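Q: Could you have a look at this structure, given as structure tokens, before my questions?
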């Protein structure tokens, strides 16, 4: 075989390898995103009066940046959970309150993002607000971060109460001075909610729903949220005043990973 033939064969082999790589890449890119099961719904299609402030779509959270998988600021839940929230909202509206949700269904890729952040001990950007008294090395041991979340099963929601009429929440500006999440309400980041004693996602024992140090109006607000939701089938996580799961769960053993977006619900009624 001549040198020219060898060169041509080598060129053909190289081009073929490049084409194969390009085709594989295109196939990988074309792989469709997972979709939500048909029993998942957008909360605003069930009750548009419930306020939505989806924190993980924004940089105002303990990670300090938008979280993987949150394509839109949207609350997605299983239909039974969403309908139970609608019933709770009807009761609260008569008392001059509205629910406000911070997080609903959470894809597994978002939980993985939390895990990577927790393992990066050099990233302390949001410590002053969200975990001022907790060493970051303790986040897994103390239960603040885990490799799986009930939110990924679709029937868990993080939420609070807002006194009506509700005003808008001012934008968070990355890099602005941070205040501890357990500071007095007029010092914490203003999010229009009633005073629950701490802000949302406060990594501190003061966030325990029935912590005895939380009294007066703050305790009454927590108990109003708790009693309203528990009457409709929700169960509170004792360590987080904002965290509720509707029981029985539609998908008690499945952790989904479809993105938070209306596209994930395409084709649903």
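Please treat every number below as a calculation from the coordinates, not as lab data. Just so you know, these numbers come straight off a predicted model, no measurement behind them. A quick note on method: Cβ atoms are made from the backbone with ideal geometry, for glycine too, and the neighbour counts reach across all protein chains shown.
Q: Springs between alpha-carbon atoms under 10 Å, Gaussian network over the chain: tell me which of 230, 33, 65 tops the mean-square fluctuations.
A: Of 230, 33, 65, the Gaussian network model singles out 33 as fluctuating most.
Q: Please report, to one decimal in angstroms, the Kirkwood hydrodynamic radius of the chain built from all distinct Cα-Cα pairs.
A: 20.4 Å
Q: Additional query: Round to the nearest 10 and give me the degree value, 0 to 90, for the angle of helix 3-30's Cα axis relative to the longest principal axis of the chain.
A: 20 degrees
Q: The stretch 243-269 to the stretch 110-141: how many Å between their Cα centroids?
A: 26 Å
Q: Determine, for 100, 127, 148, 31, the number of other Cβ atoms within 10 Å of each Cβ, and report the residues in order from fewest to most.
A: Placing the least packed residue first, the sequence is 31, 148, 127, 100.
Q: Return a whole-number percent for the relative contact order of the stretch 124-269, with Cα pairs under 8 Å and 6 or more residues apart as the contact set.
A: 28 percent
Q: If you fit an axis through the alpha-carbon atoms of helix 216-230 and take the longest principal axis of the Cα set of the chain, what angle between them do you get, 0 to 90°, nearest 10?
A: 60 degrees
Q: Within a 10 angstrom radius of the beta carbon, how do 130, 203 rank from fewest other beta carbons to most?
A: Ordered from fewest to most neighbouring Cβ atoms within 10 Å, 130, 203 come out as 130, 203.
Q: Could you list 140, 57 so that the one with the fewest beta carbons within 10 Å of its beta carbon is first and the one with the most is last?
A: 140, 57
Q: Continuing with this model, one more query. For the chain, calculate the relative contact order in percent as a whole number, restricting contacts to Cα pairs under 8 Å that are 6 or more residues apart.
A: It comes to 25 percent, rounded to a whole number.
Q: Taking Cα atoms, how many degrees apart are the long axis of helix 79-93 and the longest axis of the chain, rounded to 10 and kept between 0 and 90?
A: 30 degrees
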